[in-house]
Ligand SMILES: [Zn+2]
């Protein structure tokens with residue numbers, strides 16, 4: 001299938017599009033590719049393995065990865081040599097701690113030494129992070145890594161009834177066909193909707209299209225789907241279909257987003273956590289909203305002081321990430337889940353977001369989960385953003401729905417500002433800034449909290 005896609009890219013667009021239809025019409029057994037199905041079957045079976053067996057599998061994978069890195073990746077050869085170690089010296093999880101962390105900065109600085117020299121890079125695609133500050137991190141990937149990743153995602157979604165050939169609606173970043181706001185991809189059978197919902201007609205039109213499309217799942221950014229739910233509620237529209245689940249991805253999930261989506265679509269909200277660098281992957285289970293890290297995906301460590309997630313990924317042999325600091329922070333770490341029989345580990349209650357999402361106050365770091373409280377149930381405010389440019393000032397950006405109820409709006413803004421002040425303390429000044437819209441990142445992601453101060457601390461090596 002990779003070949004078909006490669007040929008497809010060389011053809012003019014109308015032919016490309018019809019190829020995508022042909023591709024979409026292929027039976028799933030062929031369409032997703034051999035690597036996808038091998039991985040998917042392996043996961044469906046190994047999810048029930050004992051902890052012992054999963055750990056044995058992890059150590060085998062780790063050993064394979066470390067031998068490869070030592071032989072073929074100059075950066076890691078140096079790391080081992082400098083410590084007088086050989087891959088065979090790493091026999092268990094404790095031994096792994098003998099190797100240093102890999103930070104985002106290390107990766108950018110030493111990129112050339114981090115590429116495996118035994119792999120032909122010709123025609124290999126590059127992937128990148130969608131960082132909102134600083135330069136995105138770029139690295140090599142491959143079509144078979146793509147197939148494995150998809151199998152892992154579908155495996156997680158299978159917990160809420162998703163099957164590999166199920167239709168889904170996607171609301172993520174901006175789509176190409178912006179004037180129609182809706183785009184159907186025949187190859188992946190995904191109906192993509194633009195996250196721009198400016199008025200009642202657009203919300204109504206989306207509901208109608210989803211009903212016609214007969215998808216059982218909506219997948220996308222929590223902020224975008226919550227915004228859609230918010231619009232449905234505000235305009236008093238009825239939802240003319242019943243979904244099996246809403247699948248959240250790619251952003252930390254705030255409680256109010258989960259609540260409004262659950263209320264409007266009246267179905268399970270299921271979220272997973274992952275990142276472009278593919279070092280850790282986790283999702284909820286049938287019986288809880290806790291994130292279960294997949295041991296087959298890599299080795300996930302949690303920094304005992306900061307709760308930062310540190311991952312060693314098993315998928316990428318071109319650009320191996322070993323003990324990579326993700327800068328993502330988890331909370332409520334548990335050794336295992338009581339709500340299912342899977343022995344996946346670690347399990348955590350929440351993803352608090354990136355370290356850069358924390359505000360720095362004279363009283364210490366304040367995370368998004370705490371800040372979010374007064375932002376629930378806003379009536380006249382459509383969108384908000386909290387921006388910290390300096391240690392003593394925080395800007396509260398607000399986008400009004402309509403200002404026909406000016407006094408209610410003003411009261412709500414004042415109330416929000418006061419609550420935020422209570423959380424952050426009097427030492428900080430809060431400035432309210434009214435804007436028409438809040439800019440998304442290049443990939444369309446919404447970043448609710450932006451703190452130049454905590455990002456600065458991070459670059460200096462916050463621990
Ligand atoms: Zn569970």
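Table for the structure above
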quantity	calculated
Net lengthening on full extension, residue 17/residue 163 (0.36 nm per residue, minus Cα-Cα)	50.1 nm
Longest to shortest principal axis, alpha-carbon extents of the range 213-295, angstrom	43, 24, 20
Orientation-averaged projected area, Cα convex hull of the chain (nm²)	22.7 nm²
Taking the chain and dividing mean pair separation by its residue count, relative contact order in percent (alpha carbons under 8 Å, at least six apart)	13 percent
Distance (nanometres) between label positions extended 7 Å along Cα→Cβ at residue 52 and residue 124	3.8 nm
Label-to-label distance, nm, for residues given as residue 113 and residue 239 (7 Å Cα→Cβ offset)	5.2 nm
Stretchable slack from residue 262 to residue 421, in nm (0.36 nm times residue separation minus alpha-carbon distance)	54.3 nm
Potential extension, residue 410-residue 185 segment - 0.36 nm per residue separation minus Cα distance	76.7 nm
Mean Cα-pair separation over length for the range 289-446, i.e. relative contact order, pairs under 8 Å, 6 or more apart, %	16 percent
Order of 454, 18 under a 10 Å beta carbon neighbour criterion, fewest first	18, 454
Separation between Cα centres of the range 295-321 and the range 182-197, rounded to whole Å	32 Å
Ranking of 256, 157 by count of other Cβ atoms within 10 Å, fewest first	256, 157
Efficiency of FRET from Cβ geometry, residue 390 and residue 81, R₀ 35 Å, rounded to 0.05	0.20
Residue order, fewest to most surrounding Cβ atoms within 10 angstrom, among 448, 37	37, 448
Helical mean residue ellipticity (222 nm; -39500 (n - 2.57) per DSSP H run of 4+; nearest 500) of the chain	-10500 deg cm²/dmol
Span from the the range 58-124 Cα centroid across to the the range 386-418 one, whole angstrom	48 Å
DSSP bridge orientation in the chain - percent antiparallel, rounded to nearest 5	60 percent
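A short reminder: the numbers here are calculations on the coordinates, not readings from a lab. Model, not experiment: these values are computed from the prediction. Reconstructed Cβ throughout: ideal geometry from the backbone, glycine too, with neighbour counts over all protein chains shown.
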